[in-house]
1. Along the Cα→Cβ direction, 7 angstrom out, place labels at residue 69 and residue 192. What is the inter-label distance in nm?
2. How much length would be gained if the chain were fully extended between residue 204 and residue 149, taking 0.36 nm per residue of separation minus their Cα-Cα distance, in nm to one decimal?
3. At 0.36 nm per residue, and after removing the present C-alpha to C-alpha distance, how many nm does the segment from residue 131 to residue 90 gain when stretched out fully?
4. Please tell me the relative contact order of the stretch 110-188 in percent, rounded to the nearest whole number, where contacts are Cα pairs under 8 Å and at least six residues apart.
5. Arrange the following residues from fewest to most other Cβ atoms within 10 Å of their Cβ: 67, 151, 170.
6. Net charge near residue 49: determine it from the other residues with C-beta under 13 Å of the C-beta of residue 49, scoring Lys and Arg +1 and Asp and Glu -1.
7. Exceeding 32 Å between C-alpha atoms, which entries from my cross-link table qualify? They are 161/207; 85/127; 85/207.
8. Which length gain, in nm to one decimal place, applies between residue 83 and residue 56 when the Cα-Cα distance is subtracted from 0.36 nm times their residue separation?
Amino acid sequence: MEEEIEKDDSQIKKVNEFEQGVGSRNTVGVTTNYVDFSVESNIHYRYTSAEDLLNNTETLAAMIRHHAEHQVPRLEVLDAYYKAKNSNILSNRRRKEKDKADHRSAHNFGKVLATFDVGYNTGNPIKVQVEKGKAQDTVDEFNVNNDIDGHNAEIWLDMVKYGRAYEIIHRGQDDEDYIDLSNVFETFLVYDTNVRREPIAAVRYPKTRFGDHGDQTYSSQSSIPPIRS
């Protein structure tokens, strides 16, 4: 009479582990997906109006905190892939044995695709023309002062890398108008609650390790510094 042997992982030959599915999904550190983010990482912030939002600093602080905790980590992963720091390849172990080599190599395909897209769409400079002569001179002067062709390429690169890009127009101390990129890690838009979802405000919170409030995290119970217009 043949003796029945209970089948378990320890009795499965090494060569047959693939067919049996041993260690294919439940091995810690082998198949973990480090780029799986929740819906929270890409939501739109909405409020009734900019005036109401400025009068409710607790809600504004909650939006900033949410952006830093839920959206910035996803942007950091996208930036890392652009720099050939592939999270799943560098963090996972394809082999279960610690003494075995994993020959998968990181790649910068993200950078290659982004660079191609930027070159294709901004290789020929965007021309801005107006009908009135004096207005055209003003536009041309603004474009020259801001190296607008280079700026357009940079903002397109942000859009390709992160799926979002922001620019800010400001008046310099020399009484000239300038346009610059606003860091996606420190910027987000707020939309109204109407069906058309129009933007009502942009929030920029530069991070610094110096000063009275440098890199300070505000909870719902703590107070935030007064907002200066």
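1. Spacing of the two 7 Å Cα→Cβ label points: 3.0 nm.
2. 17.4 nm
3. Gain on extension, residue 131 to residue 90, equals 9.3 nm.
4. Relative contact order for the stretch 110-188 comes out at 27 percent.
5. Going from least to most buried by this count: 170, 151, 67.
6. Within the 13 Å Cβ shell, the charges total -3.
7. Correct reply: 85/127.
8. 5.8 nm
Bear in mind these aren't lab numbers, they're just calculated from the coordinates by the rules spelled out. These numbers were taken from a predicted model, which means no experiment stands behind them. Virtual Cβ from ideal backbone geometry, glycine too; neighbours counted across all protein chains shown.
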